[in-house]
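The values are calculated or read from the model by the stated rules, or taken from the named source; none is laboratory data. These figures come from a predicted structure and were not determined experimentally. Virtual Cβ from ideal backbone geometry, glycine too; neighbours counted across all protein chains shown.
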Amino acid sequence: GFMKHNTSRQNEHCLTNFDLAEYRQVLSDLAIQIYQQLVRVLESILQPMIDEGTYTLDSILRQLNSFHSVMCQHGMDPELIKQVVKQMFYIVGAITLNNLLLRKDMCSWSKGMQIRYNVSQLEEWLRDKNLMNSGAKETLEPLIQAAQLLQVKKKTDDDAEAICSMCNALTTAQIVKVLNLYTPVNEFEERVSVSFIRTIQMRLRDRKDSPQLLMDAKHIFPVTFPFNPSSLALETIQIPASLGLGFIARV
């Protein structure tokens, strides 16, 4: 496929005495390994920023800017950058949602509002970087729905129906957990009643979803490496003398 995009001069540079077919899988495996190592490094930096709760949204956005800048400076393929950003947003969303599902102090109307504001800032970051089509925003959907769940009314059968329709990215276990943990912010609010939670469970009993409560924050999406033809002409490359490759002759 690549030969179709090459100039005739570029095709002259192809190896004629070597068959590299057997190395394609080796190189593919190596590329995947490098990508996964990159994701693990990003995760190791992002996770404590979210878990500890001592970092501001601005500091997280600055960290995302830093990651994006490094990838661009190193000439990473734009399609690959999109996949890395999608993975970063998944990590942010999964860790935040897991924290919400484990901490009562995270389950209140005001926290729901704060999360929705933070998500809007993350979406704005994607727009600024022209990455809205990367699939990153969609990975935040479970977190967005959990934040909405904290803010909607939770009393009547109509409320229950609206919640079941709205929370299609959350599992039944996650919805029930948020409702159980919900904490009123003042004396005028009531806790979610046991009967309301039972109504939710009855309405969702036929839903075929995972029984798991927490998201797998370490999940890595499959990576694809697109072929983008290069206009680089090998005969024009200047090799720095500092590399000590004077024995290479340009042909």
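In the stretch 195-227, which residues are assigned to a loop (DSSP other than H, G, I, E, B), basic (Lys, Arg) and either surrounded by 10 or more Cβ atoms within 10 Å (Cβ to Cβ) or touching a Gly at 6+ places or on another chain (Cβ under 6 Å) (or both)? Arg207, Lys218 - these are the residues of the stretch 195-227 that are assigned to a loop (DSSP other than H, G, I, E, B), basic (Lys, Arg) and either surrounded by 10 or more Cβ atoms within 10 Å (Cβ to Cβ) or touching a Gly at 6+ places or on another chain (Cβ under 6 Å) (or both).
Matching residues to (1) under 22 Å from the mean Cα position of the chain (by Cα); (2) farther than 20 Å from Ser108 by Cα:
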site	(1), (2)
Thr139	yes, yes
Cys167	yes, no
Val192	no, no
Leu204	no, yes
Phe221	yes, yes
Ala233	no, yes
Ile239	no, yes
Gly244	no, yes
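Would you mind stating whether Phe196 is closer than 30 Å to Leu30 by Cβ, in contact with a Lys or Arg (Cβ under 7 Å, 6 or more places away or on another chain) and modelled with pLDDT of 95 or more? Answer is no for this residue.
Every condition in (1) among the aliphatic types (A, V, I, L, M); (2) farther than 25 Å from Asp216 by Cβ; (3) at pLDDT below 95 is met by Met49 except one, and the failing one is (2). Per the conditions (1) under 26 Å from Ile32 (Cβ atoms); (2) in contact (Cβ under 8 Å) with a residue 60 or more places away in the chain; (3) of a type in the set (Ser, Thr, Tyr), the sole criterion not satisfied by Ser108 is (1).
Considering the stretch 228-251, and only residues there that are surrounded by 10 or more Cβ atoms within 10 Å (Cβ to Cβ) and not small (Gly, Ala, Ser), the residue that is farthest from Leu46 (Cα to Cα) turns out to be Glu235. Of the residues making up the stretch 89-107, none is farther than 25 Å from Cys164 by Cα and among the basic types (Lys, Arg).
Taking the condition under 16 Å from the mean Cα position of the chain (by Cα) and either of a type outside the set (Lys, Arg) or over 24 Å from Asn118 (Cα atoms) (or both), does Ile34 pass?
Values: under 16 Å from the mean Cα position of the chain (by Cα): no; either of a type outside the set (Lys, Arg) or over 24 Å from Asn118 (Cα atoms) (or both): yes.
For Ile34, the condition - under 16 Å from the mean Cα position of the chain (by Cα) and either of a type outside the set (Lys, Arg) or over 24 Å from Asn118 (Cα atoms) (or both) - is not met.
Return the residue satisfying two criteria in turn: it lies in the stretch 150-174 and is in a helix (DSSP H, G or I) and of a type in the set (S, T, N, Q), and of such residues it is surrounded by the most Cβ atoms within 10 Å (Cβ to Cβ).
Of everything passing the filter in the stretch 150-174, Gln174 is surrounded by the most Cβ atoms within 10 Å (Cβ to Cβ).
Matching residues to (1) surrounded by fewer than 11 Cβ atoms within 10 Å (Cβ to Cβ); (2) in contact with a helix residue (DSSP H, G or I) (Cβ under 7 Å, 6 or more places away or on another chain); (3) aliphatic (A, V, I, L, M); (4) without any contact (Cβ under 8 Å) to a residue 12 or more places away in the chain:
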| site | (1), (2), (3), (4) |
| --- | --- |
| His5 | no, no, no, no |
| Asn11 | no, yes, no, yes |
| Leu30 | no, no, yes, yes |
| Ser44 | yes, no, no, yes |
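Quick check, is Met88 under 20 Å from Asp216 (Cα atoms) and touching a helix residue (DSSP H, G or I) at 6+ places or on another chain (Cβ under 8 Å)? In short, yes. Would you mind telling me which numbered condition in (1) modelled with pLDDT of 95 or more; (2) farther than 21 Å from Leu140 by Cβ Ser44 fails? The single condition Ser44 does not satisfy is (2). Within the stretch 54-67, being touching a residue at least 12 places away in the same chain (Cβ under 8 Å) and farther than 14 Å from Glu124 by Cβ holds for Gln63, Phe67.
So, in the stretch 195-248, how many residues would count as being under 30 Å from His13 (Cα atoms) and among the acidic types (Asp, Glu)? Result for the stretch 195-248: 1.
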